[in-house]
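Here is the structure we will look at.
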Amino acid sequence: MTGRTRRRLRTLPLVATPEPPAFDTGPGPGKGAFILAYALTVASGILGAVIGYGLVEVQSEGDRGAWLALGALVGGVAAAGGVGVVAVLTLRAMAEWRRPRP
């Protein structure tokens with residue numbers, strides 16, 4: 001083979017090796033913990049809406065339909081957001097407790 005360069009053919013591995021994840025948390029909390037966190041977040045949103053509705057009902061007079069809806073919306077979002085943050089932090093802590101030590 002004069003004048004020609006010899007090219008190497010690349011061979012693919014027979015078994016693809018999976019790339020390790022950038023941040024492996026190990027075994028996390030079970031499904032029950034996630035379902036409980038979701039249910040409690042929804043329940044707190046509903047109860048927050050009831051509290052917001054009640055606060056506006058007590059403090060206002062006359063035609064207040066829009067204010068009642070706004071009070072319920074703000075109360076529900078605030079309560080669900082607060083419980084959601086606590087639930088995420090709790091689930092992360094549970095995952096950290098189950099992570100094997102290096």
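If N is the number of residues in segment 47-97, what value comes out of its Cα radius of gyration divided by 2.2 N^0.38 Å? It would help to have the intermediate numbers written out before the result.
Numbers: Rg = 15.5 Å, N = 51, 2.2 N^0.38 = 9.8 Å.
That ratio works out to 1.58.
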Exercise for review: Take each of the peptides 62-68, 45-51, 82-88, average the number of other beta-carbon atoms within 10 Å over its residues, and list them starting from the highest.
Suggested key: 45-51, 82-88, 62-68
Review point. Using 0.36 nm per residue, how much length does the chain from E96 to E57 gain when fully extended, once their Cα-Cα distance is taken away?
Key: 9.6 nm
Check your understanding: Which loop GluC sites (Glu not before Pro) in segment 30-102, with loop taken from DSSP, have no more than 10 other Cβ atoms within 10 angstrom of their Cβ?
Key -> E61
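No value in this document is a laboratory result; all are computed from the given coordinates. Owing to the predicted nature of the structure, the values given are computational and were not obtained by experimental measurement. Cβ coordinates were reconstructed from backbone atoms using ideal geometry, including for glycine residues, and neighbour counts include every protein chain displayed.
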